[in-house]
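The values are calculated or read from the model by the stated rules, or taken from the named source; none is laboratory data. Just so you know, these numbers come straight off a predicted model, no measurement behind them. Positions of Cβ are generated from backbone atoms using ideal geometry, with glycine treated the same way; all protein chains shown enter the neighbour counts. Just the protein is used for accessible areas: all its heavy atoms, side chains included, with ligands, DNA and RNA removed. Shrake-Rupley method; radii C 1.70, N 1.55, O 1.52, S 1.80 Å.
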Amino acid sequence: MWAAGARRPGLVLAALAALGLALEALVARRRRPVREVLFFPSRPSCTEALLAEAASPDDTPGPCPCPLPHGDCAFSRLLRHLLSARRSLELCLFAFSSPQLGRAVRLLHHRGVRVRVVTDAQYMALKGSQIGLLRHAGIQVRHDQESGFMHHKFAIVDRKMLITGSLNWTTEAIQNNRENILIMEDAEYVQPFLEEFERIWEIYDPLKYMFFSKENQ
């Protein structure tokens, strides 16, 4: 009798743990997939709290003395979706010069997220570009070697969330231009963008670069 009674608390704990896992799975299944449209320009706003939380998720950030307004806006929502990455982030961007988005991508990299970037060769060297900082941080970057522009503007978070639209990742576009971004978790649309990214990533492999035309070889 004593041995059976001693085992009972362990069985109860195991049953409670199993119930907790089942409830977590049910909540995850019931969570509505992300469907959001953002329009720009976005008013200037403080994003330090979001970036500080991403840099030190276990710490509670103190009040920010920044004079910019605090609160939700299109840019903060874009930043929040980007910072939700836990495993991987694929970026395919024509122009990338926003310091805040650059910091966010580097924070994800330092947090262990696998980040890969494809960009346009002509625009990555312009003043203010974040590409050099990303490379210096150890992030993989590949670029085109074609006469046309690498004009894509999309990101894929954890291979399940697509962020795409007209917006270049520049302060000018974010604060001054009429732009749009569509954010969705829908495998039917995410998968073609993943396939396009992998196709371009392979084409832009530096080992395949041709620095001279075939006529000069």
(message) I'd like the Karplus ³J(HN,Hα) series for segment 119-125: coefficients 6.51, -1.76, 1.60, θ = phi - 60°, whole numbers in Hz, and an x wherever there's a Gly or Pro.
(response) 9, 8, 4, 6, 7, 6, 9
(request) At a 1.4 Å probe radius, which order do Thr47, Thr171 fall into by accessible area, largest first? (result) Thr171, Thr47
(request) Pop out the Kirkwood hydrodynamic radius of segment 74-186 from its pairwise C-alpha distances, inverse of mean 1/r, in Å to one decimal. (result) 14.0 Å
(request) Count neighbours as other Cβ atoms within 10 Å of each site's Cβ, and list the trypsin sites (Lys or Arg not before Pro) in segment 61-108 that are DSSP loop with at most 15 such neighbours. (result) Arg86, Arg87
(message) Taking all protein chains in place and a 1.4 Å probe, what share, in percent, of the accessible surface of segment 66-212 do carbon and sulfur account for?
(response) 54 percent
(request) Can you work out the accessible area per residue across segment 116-217, with the rest of the protein chains kept in place, probe 1.4 Å, in square angstrom? (result) 58 Å²
(message) Test of understanding: what is the full-extension gain from Asp158 to Ala52, defined as 0.36 nm times their sequence separation minus their Cα-Cα distance?
(response) 36.0 nm
(message) With θ taken as phi - 60° and the coefficients 6.51, -1.76 and 1.60, list the Karplus ³J(HN,Hα) couplings across segment 136-151 in order, rounded to whole Hz; mark glycine and proline as x.
(response) 4, 6, x, 7, 6, 10, 10, 9, 6, 9, 10, 6, x, 7, 8, 9
(request) At 7 Å along the Cα-to-beta-carbon direction for both His136 and Leu194, put a label point, then send me their distance in nm to one decimal. (result) 3.4 nm
(request) With N set to the residue count of segment 77-118, report its C-alpha Rg divided by 2.2 N^0.38 Å to two decimal places. (result) 1.06
(request) Go through segment 101-108 residue by residue and turn each phi into a ³J(HN,Hα) via Karplus (6.51, -1.76, 1.60, θ = phi - 60°); whole Hz please, and just put x for glycine and proline. (result) 5, x, 4, 4, 5, 5, 4, 4
(request) Once you have the Cα-Cα distance between Leu68 and Leu16, take 0.36 nm times their residue separation minus that, and quote the gain in nm to one decimal. (result) 14.0 nm
(message) What distance in nm lies between label points placed 7 Å from Cα along the C-beta direction at Asn177 and Arg32?
(response) 3.0 nm
